[in-house]
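Undergrad: This is the structure, below, for whatever I ask next.
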Amino acid sequence: MTIAFAGNPNCGKTTLFNAYTGASLKVANWPGVTVEKKEGTYVFGGRQHTLVDLPGIYSLSTYTLEEKLSRQFLLEGGTDVIIDVADASCLSRNLYLTLQLIQLGRPMVLALNMMDILKKRRARLNVQRLADFLKIPVIPISARRREGLDTLMRAAEKAAREKAHPAPAPFENMEIRDRFAWIEAVVAACLSDRGPKAFTDRLDKILLHPLWGICIFFVIIAAVFLFTFSLGNFVKIPLEAGLDQLCVHVQRGLEAIHTVPWLTALITDGILSGVGGILTFLPNIVLLFFALAFLEDSGYMARVAYIMDGMMRTLGLSGRAFIPLLLGMGCTVPAVLASRTLETRHDRLRVILVTPFISCSARLPVYILIAGAFFGKFAPLAALSMYGIGLLAAGIVAGCTKHLGGKNGQPPLLLEMPDYKAPTLRTMLLYVWEKIRDYLTRAGTTIFLASIVLWVLLNVGPGGFTHSMQDSFAGWIGRAVAPLLAPCGLGLWQIAVALIAGIAAKEVVVSSMAVLYGITNIASQGGTSALHASLAAYGFGPANAYALMVFVLLYIPCAAALATIKSETKSRLWTAGAAALQLGTAWVLSALAYHIGRLFL
C-alpha cells in the first residue's frame, strides 16, 4: 500500500521517513527543509509499502509551491492511508490540519511525535481520550528515538484494510475561530500539567532580542568559522603527510615499471596534484558542516530567520527568505531549491538571483589556500570576511531589485519556533556524511576530470605536446582573458585559467593552481609557501590575493548551480542574466578590493 506522511513543517515527518526507509534525507530543527515529495519503500511483516514524505503544510489552504504539492497529492487520493505526523509538544497548532485531513474521509492515523519532549516537561497526555474526540487511531511515537514505529505501522495497515471513512469531528461547518476554540477545549481535556517551556523562553529572551540577537548570530558564525579554520588546519596535517608519501610511492612505482614520461606526469602532476590537493581540505569541510548541523538540530536556525526578518523586510523580502541564504552556506543547489518556500514567483526569482552570492562550502578551500599563503595569522579573519562580503553583495542586489515587478510590502512572517533541544549525534552524522559524500563525489568525478583536461590543455598546443605552458592551449586562453582581469589585480594567465576551470566546481580553482604551478601537495605548509613564492615572483601580493578571494566568492556559480537555476526559473535568459550579473558584480567589487587593498596591504 501507499502511505503518505503529512503534517506541519518541522513536526518530524522526514525523520520518521528516514527511520522507516533507511534513507538519509536532510532533517533539521527548523521548517522548510523538505521542498519536494520523496518516496521510499519499507518492508513490514513481509509486505512492502511505498512511503511518501510530503513537504510541511499548516492547512489545506496553501500558498507556497511545496505546500501546493502536498495539498494536490492529498486531495487526489493517490494514497491508501494518511499518517498525520503531529508535534505532541505543540498539539493545539498541529490539530488544525488534522481536522482538515479527517474531513477528507480517507483512512488515517495520527502519529503523536516528540512524546519524549512532553516527558521532559512532566506533562501527561491522555492518548485514548484524544482518539475518542477525533474518531481516528492515535499512536504516540518518538521518531528520533525510533519508539513506537511498529505500533504505528500496524495501525496504518489496519486502517488501510478496513477502508473506514473517519467520522468528521463536530466542527464541520464551524468558522475558523470556532474550530480553534474546539481544538483548545480538546487539548485542555487531554493534556494535563502543561508546564511552561522555561528553558526555551529564557533563552529566546536573549537570542530573539532585536539588537543582541543579531550580534550574537554574527559572533556564533565567527566562532564557527574560527573553529573550522584553526582546528581543521591542525587535523589535516596527517592527511598532508599521507599525500606526500602517496605521491612519492606512486612516482617510484611508475618509474619502476618504466611508464612513459607523459603518463607519469599526468598521474603525478595532474591527477594527484589536483584531486589530492582538494582532499586535504576535507577536515575543514567536515568541521564546518558538523558545526552547522549542531546549530540546525538545536533549533537555533529558526531564530536566525526571525531576527533577520526586519533586515530582510527593508530589502523587500521576509525573514523566510533568509532560510535559503543560510542553506547557501552549505551548497547553492539546495539553497535555490529552498526558494520554493516563498509565496510568490517574484520573491522566488529575487532569492534565486541573490543566493549564489552567499559563500558555499566549495569556496572554502580557495579561501583557506589563498589566505594561508598571503595573510599569515590573519588568515581566518581574511577568510571570514568573505562571508560578510557575500551577504553584503546579496543585500545590495536584493535592494536594487526591490521594486521590480511592482512588489510592495511583505505579509507578516509566520514561522515555526521549535523548542531548543540537544542535537542527536545520529542526525548530525547523517548530515555531515551527506556533505562529505557530495564532496568526495565531486573530487572523484568533476575535479578528477577537470584535472586531466587542464593538464592536457597545459601540455598540448597547436603543434602537439609542448614543454612551455605559455605555448599550450591553456596558455592561449589565459592570455586572451587575463587583460580583462588586470584591473582587478588578476592579470596573470594562470589565474585566468584557474578561474575559468572553477566554473565546473569552485574547488577546481585550487586543483587548477596545483596543476598550473606544479605543486603536488598545495594545501601543506610547503605547498602554500611554494604557491606564495610562485605568485610573488610576478608581483602578486596580499591585495591581489584578497581580490582573488572576492572574485571567487562572487563570480559565475558552478555548473550544477546554473543547471538548478535554469530548472527552477524555466528560463535560459534569466539564468544567463543571473550569471552575467554575478560576473559583473565580481569584477567591480574585486577591482575595488584590489585598489583599496593596495593602500593598506
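Undergrad: Answer with yes or no whether THR427 is assigned to a helix (DSSP H, G or I), among the β-branched types (Val, Ile, Thr) and crowded, with 16+ Cβ neighbours inside 10 Å. Let's see the steps before the verdict.
TA: Values: assigned to a helix (DSSP H, G or I): yes; among the β-branched types (Val, Ile, Thr): yes; crowded, with 16+ Cβ neighbours inside 10 Å: yes.
Answer is yes for this residue.
Undergrad: To continue, here is another question. Please work out if GLY444 is surrounded by fewer than 14 Cβ atoms within 10 Å (Cβ to Cβ), touching a residue at least 60 places away in the same chain (Cβ under 8 Å) and either out of contact with any helix residue (DSSP H, G or I) (no Cβ under 6 Å at 6 or more places or on another chain) or of a type in the set (S, T, N, Q) (or both). Give the derivation first.
TA: Working: surrounded by fewer than 14 Cβ atoms within 10 Å (Cβ to Cβ): yes; touching a residue at least 60 places away in the same chain (Cβ under 8 Å): yes; either out of contact with any helix residue (DSSP H, G or I) (no Cβ under 6 Å at 6 or more places or on another chain) or of a type in the set (S, T, N, Q) (or both): yes.
The answer is yes for GLY444.
Undergrad: Looking at the structure I just gave you, is ALA223 open to solvent by 50 Å² or more (accessible area, probe 1.4 Å), of a type outside the set (Asp, Glu), outside the structural domain of TYR367 (by TED's automatic domain parsing) and assigned to a helix (DSSP H, G or I)?
TA: The answer is no for ALA223.
Undergrad: At pLDDT 80 or above and either assigned by TED's automatic domain parsing to the domain that holds LEU295 or open to solvent by 90 Å² or more (accessible area, probe 1.4 Å) (or both): which single residue out of ARG202, ARG194, ARG177 fits that description?
TA: On inspection, the qualifying residue turns out to be ARG202.
Undergrad: Which count do you get for residues in segment 349-361 that are modelled with pLDDT under 85 and either among the aromatic types (Phe, Trp, Tyr) or farther than 23 Å from LEU282 by Cα (or both)?
TA: Here the count works out to 0.
Undergrad: Right, next: Are any residues in segment 65-104 modelled with pLDDT of 85 or more, open to solvent by 20 Å² or more (accessible area, probe 1.4 Å) and under 23 Å from THR151 (Cα atoms), and if so, which ones?
TA: Listed by number, the list holds a single entry, ASP80.
Undergrad: Let me ask another. Mind checking which residues of segment 142-160 are of a type outside the set (D, E, K, R), surrounded by fewer than 20 Cβ atoms within 10 Å (Cβ to Cβ) and under 14 Å from TYR42 (Cα atoms)?
TA: If the condition is that a residue be of a type outside the set (D, E, K, R), surrounded by fewer than 20 Cβ atoms within 10 Å (Cβ to Cβ) and under 14 Å from TYR42 (Cα atoms), then LEU149 is the only one that fits.
Undergrad: Tell me, which residue of segment 330-345 that is in contact with a Leu (Cβ under 7 Å, 6 or more places away or on another chain) and buried (at least 23 other Cβ atoms within 10 Å of the Cβ) is farthest from ALA563 (Cα to Cα)?
TA: Only one residue tops the list, namely GLY330.
Undergrad: Further, regarding this structure: Got at least one residue in segment 97-116 being among the hydroxyl-bearing types (Ser, Thr, Tyr), in contact (Cβ under 8 Å) with a residue 24 or more places away in the chain and farther than 15 Å from ALA6 by Cα?
TA: Taking every residue of segment 97-116 in turn, none turns out to be among the hydroxyl-bearing types (Ser, Thr, Tyr), in contact (Cβ under 8 Å) with a residue 24 or more places away in the chain and farther than 15 Å from ALA6 by Cα.
Undergrad: Next up: When the residues of segment 384-433 are narrowed to those that are of a type in the set (Ser, Thr, Tyr) and out of contact with any helix residue (DSSP H, G or I) (no Cβ under 6 Å at 6 or more places or on another chain), which ends up modelled with the lowest pLDDT?
TA: The residue in question is THR424.
Conditions tested, residue by residue: (1) open to solvent by 10 Å² or more (accessible area, probe 1.4 Å); (2) within 32 Å of the chain's Cα centre (by Cα); (3) under 24 Å from ASP244 (Cβ atoms).
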site	(1), (2), (3)
PHE448	yes, yes, yes
GLY463	yes, no, no
VAL481	yes, no, no
LEU490	no, yes, no
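Undergrad: If you go through segment 126-145, how many residues are modelled with pLDDT under 90 and touching a Cys at 6+ places or on another chain (Cβ under 6 Å)?
TA: 0
Undergrad: Sticking with this structure for a sec: Do we have ILE522 as open to solvent by less than 10 Å² (accessible area, probe 1.4 Å) and part of a loop (DSSP other than H, G, I, E, B) here?
TA: Considered against the rule, which asks whether it is open to solvent by less than 10 Å² (accessible area, probe 1.4 Å) and part of a loop (DSSP other than H, G, I, E, B), ILE522 comes out as yes.
Undergrad: Looking at segment 295-319, I want the residues that are under 12 Å from ILE214 (Cβ atoms) and of a type in the set (Asp, Glu) and have a partner that is assigned to a helix (DSSP H, G or I) and open to solvent by less than 30 Å² (accessible area, probe 1.4 Å) with Cβ atoms under 6 Å, at least 6 apart or on another chain. Which pairs are those?
TA: That search, which allows pairs on different chains as well, returns ASP309/GLY319.
Undergrad: Shifting gears a bit: Looking at (1) more than 18 Å from ALA362 (Cβ to Cβ); (2) open to solvent by 60 Å² or more (accessible area, probe 1.4 Å), which is the one condition that is false for ARG437?
TA: For ARG437, the exception is condition (1).
Undergrad: Same structure, new question: Confirm whether TRP455 is in contact (Cβ under 8 Å) with a residue 60 or more places away in the chain, open to solvent by 70 Å² or more (accessible area, probe 1.4 Å), assigned to a helix (DSSP H, G or I) and not β-branched (Val, Ile, Thr).
TA: no
Undergrad: Pick from segment 268-310 the residues that are assigned to a loop (DSSP other than H, G, I, E, B) and farther than 15 Å from GLU240 by Cβ: which of them is nearest to the chain's Cα centre (by Cα)?
TA: Filtering segment 268-310 for residues assigned to a loop (DSSP other than H, G, I, E, B) gives 280-281, 299, 308.
Imposing the further condition that a residue be farther than 15 Å from GLU240 by Cβ reduces the set to 299, 308.
Values: GLY299: 16, MET308: 18 Å.
The selected residue is GLY299.
Undergrad: While we're on this one: Condition test on ALA561, is it more than 19 Å from SER385 (Cα to Cα), in the same structural domain as ALA338 (by TED's automatic domain parsing) and buried (at least 20 other Cβ atoms within 10 Å of the Cβ)?
TA: Considered against the rule, which asks whether it is more than 19 Å from SER385 (Cα to Cα), in the same structural domain as ALA338 (by TED's automatic domain parsing) and buried (at least 20 other Cβ atoms within 10 Å of the Cβ), ALA561 comes out as yes.
Undergrad: Looking at segment 545-601, which of the residues that are modelled with pLDDT under 90 and among the small types (Gly, Ala, Ser) is nearest to VAL336 (Cα to Cα)?
TA: ALA561
Undergrad: Please tell me if PHE17 is at pLDDT 85 or above, under 21 Å from the mean Cα position of the chain (by Cα) and either within 27 Å of PHE322 (Cβ to Cβ) or not in a strand (DSSP E or B) (or both).
TA: It is true that PHE17 is at pLDDT 85 or above, under 21 Å from the mean Cα position of the chain (by Cα) and either within 27 Å of PHE322 (Cβ to Cβ) or not in a strand (DSSP E or B) (or both).
Undergrad: When you go through (1) assigned to a helix (DSSP H, G or I); (2) of a type in the set (Ser, Thr, Tyr); (3) surrounded by fewer than 18 Cβ atoms within 10 Å (Cβ to Cβ) one by one for TYR538, which number turns out not to apply?
TA: All conditions are met except number (1).
Undergrad: Looking only at segment 257-267, which residues are at negative phi and not in a helix (DSSP H, G or I)? Spell out the reasoning first.
TA: Filtering segment 257-267 for residues at negative phi gives 257, 259-267.
Hits for segment 257-267 are ILE257, THR259, VAL260.
The values are calculated or read from the model by the stated rules, or taken from the named source; none is laboratory data. Just so we're clear, the structure is a prediction, and the values are computed from it rather than from any experiment. Note that each Cβ is placed from the backbone with ideal geometry, even for glycine, and that neighbours are counted across all protein chains shown. Areas reflect the complete protein model, heavy atoms only, side chains present, ligands, DNA and RNA absent. Shrake-Rupley method; radii C 1.70, N 1.55, O 1.52, S 1.80 Å.
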